[in-house]
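Quick notes on the structure that follows.
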Amino acid sequence: KASEKDRKSTEEVVLAHYRRFVALFRELSVSGNDAGFGGVTQLEASALLMQAGLVDDVTRVADIDRCFIAAKVLPFDLRKAGANGTLGDKVLSRHQFLEMLLRVADQRYVQTGKCKSMCSAVASVMKSLAAVADAKVSELDGFQDAFHTDEVDDVIKKHHGILQEVYRRYSGHVAPPGAARFMSFGEFQDLLEAAKAYNNDFVPRRCGLAFRLGMMTQADEVFRSRFQEMSFLEFQHAVGVIAWMRSGGLTTALSEAVDSFIVQKLSPLSRRNLLRGASSFAGEFRGKANIAMTPTAFRGSMLRDV
């Protein structure tokens with residue numbers, strides 16, 4: 001068993017690399033899931049470790065599969081309490097994905113004697129994953145810097161009515177009676193299909209990532225489903241993500257890309273809704289979104305500051 005000192009040191013290593021870890025989880029959790037959004041599949045986990053050079057004669061694919069299966073098994077008391085009821089039992093939630101990486105570190109470095117402590121073993125795994133993870137972190141940082149500006153805020157404010165109307169139409173259909181309105185991933189997909197939002201750079205398989213990047217990271221993805229429930233404020237952020245993806249990930253003139261996407265793709269949906277009778281939505285919007293808060297004001301709550 002690991003000593004208390006080694007356990008503490010391992011926690012510090014995980015915290016030091018947590019942005020990298022979450023960046024990897026974000027992408028993997030929307031890549032191989034049949035539902036398009038949720039957790040990490042066995043295939044995606046193996047592919048990542050192969051890409052990082054962690055699969056060889058020491059750690060084989062069969063070893064990765066065993067680590068995946070072991071991490072997927074929840075203690076009986078957690079299962080009885082309904083843990084992971086929103087994800088099912090075929091994918092790894094965020095904490096299970098972390099457990100899998102810890103198990104790989106133990107199998108590859110501790111059990112073979114290459115590392116004398118779990119702390120060093122985890123550091124070695126994260127070092128191998130760094131190249132893949134840092135590219136994703138850098139890409140997201142570029143988007144955050146381009147999106148959270150006064151210019152983009154002005155665009156969001158200018159089109160606030162359109163955004164709110166579209167959000168009203170494509171949200172709330174799966175929310176329990178009496179609960180705050182939210183947009184589910186399925187409703188998000190319906191919106192993008194209706195808006196004909198896809199192009200050569202933003203293809204349907206990237207829809208899940210756009211949804212995930214628009215969402216604020218939640219502490220609890222085991223017992224609560226909040227991480228799958230998009231608020232109006234998060235929807236505004238997702239609009240920026242979509243415009244950014246549609247432009248091929250360019251961060252220059254993002255305000256123009258956001259404005260163009262809203263005017264050309266979302267505004268027609270809003271007008272169509274008004275022609276059908278916007279009065280039918282009276283009293284329907286039960287969410288408590290702060291309409292005065294822009295995405296830039298919201299930035300302090302986003303994962304970037306973790």
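The values are calculated or read from the model by the stated rules, or taken from the named source; none is laboratory data. Since we're looking at a predicted model, the values are computed, not measured. Positions of Cβ are generated from backbone atoms using ideal geometry, with glycine treated the same way; all protein chains shown enter the neighbour counts. The accessibility values were calculated without ligands, DNA or RNA, using every heavy atom of the protein model including side chains. Shrake-Rupley method; radii C 1.70, N 1.55, O 1.52, S 1.80 Å.
Annotations for the structure displayed:
- Those residues of the range 185-212 which are open to solvent by less than 20 Å² (accessible area, probe 1.4 Å) and in contact with a His (Cβ under 9 Å, 6 or more places away or on another chain), in sequence order: Glu187
- Count of the range 70-123 residues which are open to solvent by less than 40 Å² (accessible area, probe 1.4 Å), β-branched (Val, Ile, Thr) and modelled with pLDDT under 95: 1
- Criterion (touching an Asp or Glu at 6+ places or on another chain (Cβ under 9 Å), part of a helix (DSSP H, G or I) and more than 25 Å from Arg19 (Cα to Cα)) met by exactly one of Val155, Val166: Val155
- Evaluated against (1) assigned to a helix (DSSP H, G or I); (2) polar (S, T, N, Q); (3) farther than 25 Å from Ser93 by Cα, Asn200 falls short on exactly one condition, (1).
- Scanning the range 242-252 turns up no residue that is under 29 Å from Asp89 (Cα atoms) and either part of a helix (DSSP H, G or I) or among the charged types (D, E, K, R) (or both).
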